[in-house]
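Remarks on the structure that follows.
The values are calculated or read from the model by the stated rules, or taken from the named source; none is laboratory data. For clarity, every value in this text was computed on a predicted model and none was experimentally measured. Here Cβ is always computed from backbone atoms with ideal geometry, including for glycine, and neighbour counts include all displayed protein chains. These area figures cover heavy atoms from the full protein model, side chains too; ligands, DNA and RNA do not enter into them. Shrake-Rupley method; radii C 1.70, N 1.55, O 1.52, S 1.80 Å.
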Amino acid sequence: MWWGSLRLLLLLAAAVAAAAEPASTLTGPSRPVTVTLREDRGHAVDLPDTDPRVQRRATGWAPEQIAVALSAAPTSAWVSWITGREFQMGGTVKPLDPGTVASVVRYGLAADSLVRQATGDALVYSQLYPFEGLQNYTSGIIHHVRLQGLEPATKYYYQCGDPALPGAMSAVHAFRTMPAVGPRSYPGRIAVVGDLGLTYNTTSTVDHMASNRPDLVLLLGDVSYANLYLTNGTGADCYSCAFGKSTPIHETYQPRWDYWGRYMEAVTSGTPMVVVEGNHEIEEQIGNKTFAAYRSRFAFPSTESGSFSPFYYSFDAGGIHFVMLGAYADYGRSGEQYRWLEKDLAKVDRSVTPWLVAGWHAPWYTTYKAHYREVECMRVAMEELLYSHGLDIAFTGHVHAYERSNRVFNYTLDPCGAVHISVGDGGNREKMATTHADEPGHCPEPRAKPNAFIGGFCAFNFTSGPAAGRFCWDRQPDYSAYRESSFGHGILEVKNETHALWRWHRNQDMYGSAGDEIYIVREPHRCLHKHNSTRPTHGR
């Protein structure tokens, strides 16, 4: 009797475990799923500048907005911070002298033994508008110091600042370097998030993300949304709707960057973060200068990876080779970014770094009306190159919703194509995307380009397949596996050379629970022989 009862219990336990096991790409494309909205997502609500989490707490020359970023290899990392008095705003601003204070990081293997020291560079940037009534901005002193000769997978303690000045060194912080490059070592958890902003939705996303204790954060553009505000600090969900016809230039309110850096320091001072630009980082100013805040505030492994550009670069984390691409830099096949990408991919040894993962801002495969096929020229230019080198996963943001694709190449289901995952649902400053392009009456009109940084027009009607003769599908496309309009973030856990677990977490769920999860499984025996092969074109 007892044996029969025990056997029944074991069978029930096995059935429960099997039911709880996430789906896998090995079983082939999954049927498209759209999760119905369960509540009004509404507009985002800003975290106000009176919130203590965004106010300046540092005094004198003490560092603030401390952040750690990766270099190209796990033996190196960047530490960045800002010092100096509060930023300046006004008709006339006088930039601080970056040479006033040194850029020093003391670090070591114990909090009470910071025996090593590195020095770096400092800079100041300004956002200037040559029009009466518009306020200009100049930043505090921004420091970037590269630590070299680090041991992989090792916890380092550090202080940053200027030890020669009283009160000018930070508290002791700590971060862990990435695992050694190789096919059997991987970061534990990689958080992936886009379009964060600084709203109450942002705080929920960051709280959920921090509870998952990531080893690395990928931020896929649209960081502070400073360009949704006038220089007097007045903001709107839609700048062009509220201010577009009344301002001589697209203004920004740069203090939002400082608020964002202060709020995020609790995460960025201890968890390495890598960033790629989004459209909200363009931020035009006098002399057609753009991306000043983005270029100045973050450290990038650009020189180390041979790109020499903050808009695209690569790095290794264990057995993963990451390429971060610029959707707002020239991506044409005759341009510098494409030539760099060719060289970078040619150097990748898949026996050393089996996984190839890419990130950029605007998605190639979105089924939402917002930004539908907006960067089709980028896809046309780069997809075949990435496919020929066996791209496994592509992460993007931009569209304020979550969407995961089946394996796809050129809009066609392909077992060797990449899985495209869009996580532009971090918090933003605008509203959630809720309308799908395949819904009746919601297919957008083709338009040339939303700004001067997206070149050309490539989004023609499809010439073959289920959407032949149309600009949009009349149903959720087969390549779209799952889509939902909810705020959240994702966690990637690469288990070994062939298996990675992807989980997407909704903000409204309990910590730790997943709204979407799947094993992404590489099949190198099946796909890697296609490297550098010529693929047929299925039609646009």
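Quick notes on this structure:
- Segments classed as strands (runs of 3 or more DSSP E), wholly inside segment 268-350, with at least 2 members that are farther than 30 Å from Tyr253 by Cα and of a type in the set (Val, Ile, Thr): 320-324
- Check on Thr247, farther than 20 Å from Ala433 by Cα, touching a Ser or Thr at 6+ places or on another chain (Cβ under 8 Å) and in a loop (DSSP other than H, G, I, E, B): no
- Output for segment 308-327, where each listed residue is open to solvent by 10 Å² or more (accessible area, probe 1.4 Å) and not hydrophobic (A, V, I, L, M, F, W, C): Ser309, Pro310, Tyr312, Asp316, His321
- Any hit, segment 123-138, residues being of a type in the set (Val, Ile, Thr), in a strand (DSSP E or B) and in contact with a Pro (Cβ under 9 Å, 6 or more places away or on another chain): yes
- When Arg379 is tested against the conditions (1) outside any loop (DSSP other than H, G, I, E, B); (2) open to solvent by 20 Å² or more (accessible area, probe 1.4 Å); (3) under 28 Å from Asn288 (Cα atoms); (4) not aliphatic (A, V, I, L, M), the lone failure is (2).
- Residues that are open to solvent by less than 10 Å² (accessible area, probe 1.4 Å) and at negative phi within segment 286-301 comprise Ala292, Ala293, Tyr294, Pro301, listed in sequence order.
- Summed over segment 239-296, residues that are at pLDDT below 95 and of a type in the set (Gly, Ala, Ser) total 5.
- Within segment 351-379, residues that are at positive phi sit with their Cβ atoms under 9 Å from residues that are β-branched (Val, Ile, Thr), at 6+ positions apart or across chains, in these pairs: His371/Val399; Arg373/Thr366.
- Scanning segment 139-158 for residues that are open to solvent by 40 Å² or more (accessible area, probe 1.4 Å) and part of a strand (DSSP E or B) returns Arg146, Lys155, Tyr157.
- Some residue of segment 323-339 being at pLDDT 95 or above and over 22 Å from Phe453 (Cβ atoms): no
- Any hit, segment 268-281, residues being acidic (Asp, Glu), under 30 Å from Thr353 (Cα atoms) and surrounded by 24 or more Cβ atoms within 10 Å (Cβ to Cβ): yes
- Matching entry among Glu439, Glu403 (being of a type in the set (D, E, K, R) and either in contact with a Phe, Trp or Tyr (Cβ under 6 Å, 6 or more places away or on another chain) or not in a strand (DSSP E or B) (or both)): Glu439
- Applying the condition of being among the acidic types (Asp, Glu) and under 19 Å from Asn507 (Cα atoms) to segment 394-435 and asking which residue is most open to solvent (accessible area, probe 1.4 Å) yields Glu430.
- Subset of segment 159-202 that is among the aliphatic types (A, V, I, L, M), open to solvent by less than 10 Å² (accessible area, probe 1.4 Å) and in a loop (DSSP other than H, G, I, E, B) - its residue that is farthest from Pro98 (Cα to Cα): Met178
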